[in-house]
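The values are calculated or read from the model by the stated rules, or taken from the named source; none is laboratory data. Owing to the predicted nature of the structure, the values given are computational and were not obtained by experimental measurement. We place every Cβ from the backbone using ideal geometry, glycine too, and count neighbours over all the protein chains shown. To get the accessible areas, we keep the full protein, side chains included, count just its heavy atoms, and leave off ligands, DNA and RNA. Shrake-Rupley method; radii C 1.70, N 1.55, O 1.52, S 1.80 Å.
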Amino acid sequence: MLSSFLILLAAFAVYGLLHSITASLWAKALVVRWFGEPGRRIHRLAFSFFATVSLLPIGWLYLTLPDRELYRLETPWSLVFLGVQALGVVFFLWSILTTDLPAFLGLRQFLGQGSDPERLVVGGPYRWVRHPMYTASLLVIWFNPALSLNLLAVNLSITLYFLIGGYYEEQKLLRQFGEAYAHYRTRTPMLILGLRLGD
């Protein structure tokens, strides 16, 4: 069972590394240098596709590796946890609707309807935390009424990736939006409402 746990952690580490590299401004500049304007138009969509498809092997590992249940909550606590998960789903959907989803996925750029999003979004859920999609996802994964060893590995990996990936994403946003993002960062927590932790 412990080997399953470690395999999943390692698989997520590889995924996180590849995800961060392909999302970087360096990777985008490289694609543009190689392919010119078509590379600029396809980069975000190709990244979105890669980020989704490369999760499939991890899903396969999660489903097929030996596992052991750690706990399963009974009513009424299971209902409380399910309620928090539902709030997380609503918060995630609100976050998506607040952004320019076609541009976020790369469809708008691919269709030649604009470049990467240049507008800094600070309204809606972004008023409360800088990464509301991460916050919502953390609510969903950690408030599952049942937890197994494999799911714990997945949850820990996702949480660690959000913390590390979020740091690098913020460096990219600071380069892209400059003082506007720096000011937004000083007044808005990263993931948890009211929790600053020097970020």
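Below is a table of values for the structure above.
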quantity	calculated
In sequence order, calculated HN-Hα J values of region 76-93 (Karplus, 6.51, -1.76, 1.60; Hz; x Gly/Pro)	x, 5, 5, 5, 4, 5, 5, x, 5, 4, 4, 4, x, 5, 4, 5, 5, 4
Sum of -39500 (n - 2.57) over DSSP H runs of 4+, divided by residues of the chain (222 nm, nearest 500)	-22500 deg cm²/dmol
Nearest-ten-degree value, helix 2-23 long axis tilted from longest Cα axis of the chain	10
Computed FRET value (nearest 0.05) for LEU82 with GLU37, which takes r as the C-beta separation and R₀ as 41 Å	0.30
Charge dipole magnitude, Cβ of K and R +1, D and E -1 - the chain, Cα centre, debye nearest 20	460
Per-residue HN-Hα couplings for region 172-185 [Karplus 6.51, -1.76, 1.60; θ = phi - 60°; Hz; x = Gly/Pro]	5, 5, 5, 5, 6, 10, x, 4, 4, 6, 4, 5, 4, 5
Apportionment of accessible area to carbon and sulfur, the chain, percent (1.4 Å)	73
Charge dipole (the chain, unit charges on Cβ, about Cα centre) - positive-most of GLY39, LEU163, TYR62	GLY39
Within the chain, longest stretch free of exposed GluC sites (Glu not before Pro) [DSSP loop, at most 13 other beta carbons within 10 Å]	119-199
Charged-residue dipole, Cβ positions (Lys, Arg, Asp, Glu), region 72-185 about Cα centre, Debye nearest 20	60
Alpha-carbon spread of the chain, three principal axes, descending order, Å	53, 36, 31
The chain: relative contact order in percent, alpha carbon pairs under 8 Å with at least 6 residues between	29
Estimated inter-spin distance, SER20 and TRP128, nm [label 7 Å along Cα→Cβ]	2.8
Residue-span extension gain [ARG68 to ILE164] - 0.36 nm each, minus C-alpha spacing	31.8 nm
Accessible solvent surface per residue of the chain, calculated while the other protein chains remain in place, 1.4 angstrom probe, Å²	59
Furthest towards positive pole of dipole, SER20, VAL122, LEU193, structure part the chain, Cβ charges	VAL122
For region 28-38, Karplus couplings with θ = phi - 60° (6.51, -1.76, 1.60), whole Hz, Gly/Pro x	4, 4, 5, 5, 5, 5, 6, 10, x, 4, x
